Amino acid sequence: MILVWMFFLFFLLGIVSLPNEAIAQKKKVILIGGTISETGRYASDVKPWPKLMNTWAEMINERGGLWVKSEKRRIPVKFILYDDKSDQATSIKFYERLVTVDKVDLLIGPYTSPLTFAATTVAEKYKIPMVCVEATASAIYKRGMKWIVGIDQAGPKWSDAYFELVRHEGKAKTIALLAEDQIIFTEVVPGAVENAKKIGLDVVFFEKAASGTSDFSPIITKMKEKNPDLCYVGGFIPFNIAFMKQAKELDFNSKEFHFTHFGISFKEALGKDAEYVTGSAYYMPGMKFGNYKFFFELLKRSGVSITEYPWANDRMWGFDAIQWGIETSESLKRDDLMQAFKDLHIMAVAGALHFDETGQGTNRPIVNQIIGGEYQFTWPARPGYPPAKHVYPRPKWSELK
């Protein structure tokens, strides 16, 4: 009995310690930390994300949590989220807090490549795994970082599906392109230029404009003079809304307007003027890959519309990666988790997911079009996807009703 009390006393004083296995058994929850742009310029794209994420955790916990191999049991999961205010410095501040104060087990990235570019420095600094979502810019991954993986494929490939559609139809001959001066679009739009050239389109205009641009009239005037069949704009939603409003004011009648981002806030701001716009998404009802039934239930219970918030699928890919990474990892130790993420080869909710040597993934956009005020699936026309619809050319502004 005296020996037992002496051991307990020495343990309290830090002279002896319990084996790692005994400490690990005390773990009651897996903590996943991240930031969400609940305010600021990106907020309209991800307004329901906290509800989406917490509902996923609830659904996982209803089955007991995630399996942890080293403990031979399931452990519940919990998100700790902060508002990054769509600001890089604020995002860094809160990711620092998540690691040093909240003591999370792993990180999930913020929305957009600009914020992710900043936030990933925290993961690298503290050697803690981060699963990046909604972060396409390959510049994020080409810095030799060892503690990040990201589900989206490289930015220059963003528009592959769109140009497959254009080539398939063979109707368009010329294209004008504009890029918002942000890290993602300075990759995405040059990639679109190369795609356009490969399929024989004549690139009649290509420029970039500052994020804060309020007057697009010089750019639109030059585009209008070139009379392109296609107008391709790579930008976040506030940028895209401003451009489209002024395109109407200046009676710029491209046969198709294509925007990289055109979710619900784009449609609501433009009303009928958003009709027949095409743009990028990652998922539409009718796609049946991976754990799609779980995803449908998640959308239903969280009240999120996948057509209005197209990047919800990116989140689900992130959830899939986190789930399978944790459940195939040897333990919850950071090294083991990171290795499990790097080794991941799964069928995610919209296709096969794995990561290349830089940590960048395989999720690529599909194409949607707003028809009758609703988002309709447009491309690719392949098995496993819904029936494709595409209206081309769009009516002129004077004909739009």
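Read the figures in this text as sums done on the coordinates, not as results from a lab. Every value quoted in this text rests on a predicted model; they were computed, and no experiment measured them. Backbone-built Cβ (ideal geometry, glycine too); neighbour counts: all protein chains shown.
In terms of its alpha-carbon gyration tensor, the stretch 267-401 comes out prolate; a/c meets the 1.5 threshold, and the first ratio a/b outweighs b/c.
Cβ-to-Cβ counts within 10 Å put 132, 231 in ascending order as 231, 132, the fewest first.
For the chain, the mean residue ellipticity at 222 nm estimated from helices alone is -11500 deg cm²/dmol, where every DSSP H run of n ≥ 4 contributes -39500 (n - 2.57) and the total is divided by all residues, rounded to the nearest 500. Evaluating 6.51 cos²θ - 1.76 cosθ + 1.60 at θ = phi - 60° for every residue in the stretch 106-113, the Karplus couplings come out as 7, 10, 10, x, x, 8, 5, 5 Hz, glycine and proline recorded as x. Counting neighbouring beta carbons within 10 Å and listing from fewest to most, the residues 315, 143 come out as 143, 315. For the stretch 85-96, putting each phi into the Karplus relation 6.51 cos²θ - 1.76 cosθ + 1.60 with θ = phi - 60° gives couplings of 6, 6, 10, 4, 4, 5, 4, 4, 4, 6, 5, 4 Hz, in residue order, rounded to whole numbers and with x for Gly and Pro.
Treating each Cα of the stretch 247-319 as an identical point scatterer and ignoring solvent, apply the Debye formula and state log10 I(q)/I(0) at q = 0.15, 0.17, 0.21, 0.23 Å⁻¹. The Debye formula, applied to the Cα set alone, gives -0.59, -0.71, -0.93, -1.05. Karplus-based coupling profile of the stretch 258-274, in residue order and whole Hz: 10, 10, 5, 10, 8, x, 4, 5, 5, 5, 5, 5, 9, x, 5, 6, 8, with θ = phi - 60° in 6.51 cos²θ - 1.76 cosθ + 1.60 and x standing for Gly or Pro. Here the stretch 71-217 yields Rg over Rh of 1.09, to two decimals, using C-alpha coordinates and the Kirkwood radius. Under 5 Å between amide hydrogens, built in the peptide plane, is the criterion, and for residue 349 it picks out 291 among residues at least 5 positions away or on other chains. Classify the stretch 134-240 as rounded, prolate or oblate, taking a ≥ b ≥ c as the square roots of the eigenvalues of its Cα gyration tensor: rounded when a/c is under 1.5, otherwise prolate if a/b is larger than b/c and oblate if not. Oblate shape, in that a/c is at least 1.5 and b/c is the bigger or equal ratio. Comparing mean-square fluctuations of 128, 80, 370 from a GNM of the chain with C-alpha springs under 10 Å, the top value falls on 80. Backbone amide hydrogens, once placed in the peptide plane, bring residue 82 within less than 5 Å of 34, 35, 36, excluding anything fewer than 5 places away on its chain. Among residues other than residue 341 with Cβ under 14 Å from its Cβ, the summed charge is -4 (Lys and Arg +1, Asp and Glu -1). Around the amide H of residue 209, modelled in the peptide plane, lie the amide H atoms of 179, 180, 181, all under 5 Å away and 5 or more residues distant in sequence or on another chain. Projected label points at residue 226 and residue 327, each 7 Å from Cα along the beta carbon direction, are separated by 4.9 nanometres.
What fraction of the Cα pairs in the chain, stated in percent, has a spacing above 41 angstrom? Across the chain, Cα pairs with separations above 41 Å total 19 percent.
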